[in-house]
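Structure, as structure tokens:
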Amino acid sequence: SLICRCDGITEKEKTLAIIKPDGMSGNYSEKIKNAILDSGFTILKEMTIQLDEDAAMGFYAEHSSRSFFSSLVKYMTSGPVLILVLEKENAVADWRALIGPTDASAAKITHPHSIRAMCGVTIEKNCVHGSDSLQSARQEIAFFFEEKSSGRVVTEHDEL
Ligand code: UDP
């Protein structure tokens, strides 16, 4: 039979994507969203926010002891970001593959079709974020969409 009771057989994954401040300029965010949809992801949630310092520090807390931390926080608070929850089978790994390696300047050579090659510039200004595991995806989605306290978000505009 060609009839398939697919519900519940394959659990779809969710992952968190962020279009960082440099990815919000020009028409990059439209290009990135088109790439997301062309790759078979469903955009479940979408919100444009301006991160304040506490929010950026909280989101990247695991990097707080790194030399690049203060620069990273300054970058992430330099303008609005677009937060997206993406869903598909294998969403976490597939979104990481689509964005390419952390260092956007290297990505331009090694992964020329990746999103970071398209709109990123350096190892810091790499225009997009993607959760690196299922566990961090859950934590990061909760960070933005479930924990509504602490004033981490200065302005919020839910587009859905
Ligand atoms: N980053 C940086 N300098 C570095 C490494 C990372 O500024 O040497 C920034 C960069 O924006 C990166 C973010 O910190 O996306 C988080 O770093 P991570 O190693 O988790 O990379 P990712 O998972 O984003 O590829």
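The values are calculated or read from the model by the stated rules, or taken from the named source; none is laboratory data. Quick caveat: nothing in here was measured; it's all calculated off a predicted structure. Methodologically, a virtual Cβ is constructed for each residue, glycine included, from the backbone with ideal geometry; neighbour enumeration extends over all protein chains shown.
Residues of segment 1-52 being farther than 21 Å from Ala137 by Cβ, at pLDDT 95 or above and in a loop (DSSP other than H, G, I, E, B), which ones? Within segment 1-52, just Asp52 meets the criteria. Val81 meets all of the listed conditions (1) touching a strand residue (DSSP E or B) at 6+ places or on another chain (Cβ under 9 Å); (2) more than 15 Å from the ligand (Cβ to nearest atom); (3) modelled with pLDDT of 95 or more but one, namely (2).
Of all residues in segment 58-78, those being more than 12 Å from the ligand (Cβ to nearest atom), farther than 19 Å from Thr122 by Cα and not in a helix (DSSP H, G or I) number 1. The C-beta contact set for segment 55-69 (first residue free of Cβ contacts under 8 Å to residues at least 24 places away in the same chain and under 14 Å from Phe144 (Cβ atoms), second residue part of a loop (DSSP other than H, G, I, E, B) and of a type outside the set (Phe, Trp, Tyr), distance under 7 angstrom, 6+ apart or interchain) comprises Ala56/Thr77. Look at segment 26-43: where a residue is on the phi > 0 side of the Ramachandran plot and a partner is part of a helix (DSSP H, G or I), sitting 6+ places away or on another chain with Cβ atoms under 9 Å, you get Gly26/Cys119; Gly40/Asp94. Any residue at all in segment 99-115 that is closer than 23 Å to Phe145 by Cβ, outside any helix (DSSP H, G or I) and in contact (Cβ under 8 Å) with a residue 60 or more places away in the chain? Scanning segment 99-115, I find no residue that is closer than 23 Å to Phe145 by Cβ, outside any helix (DSSP H, G or I) and in contact (Cβ under 8 Å) with a residue 60 or more places away in the chain, so the answer is no.
Using the structure shown, decide if Phe41 is crowded, with 19+ Cβ neighbours inside 10 Å and either over 14 Å from Ser131 (Cα atoms) or within 12 Å of the ligand (Cβ to nearest atom) (or both). The answer is yes for Phe41.
Of all residues in segment 96-116, those that are within 15 Å of the ligand (Cβ to nearest atom), under 25 Å from Leu44 (Cα atoms) and not charged (D, E, K, R) total 8. Of everything in segment 119-144 that is aliphatic (A, V, I, L, M) and outside any helix (DSSP H, G or I), the residue that is nearest to the ligand (Cβ to nearest atom) is Ile123. Among the residues of segment 58-71, those that are of a type outside the set (Ser, Thr, Tyr) and under 16 Å from Phe143 (Cβ atoms) comprise Gly58, Phe59, Ala61, Glu62, His63.
For segment 113-124, name all the residues that are within 20 Å of Glu30 (Cβ to Cβ) and surrounded by fewer than 19 Cβ atoms within 10 Å (Cβ to Cβ). Matches in segment 113-124: His113, Val121. Checked against the criterion of being surrounded by 13 or more Cβ atoms within 10 Å (Cβ to Cβ), more than 13 Å from the ligand (Cβ to nearest atom), at pLDDT 95 or above and outside any loop (DSSP other than H, G, I, E, B), the candidates Ala55, Ala93 yield just one match: Ala55.
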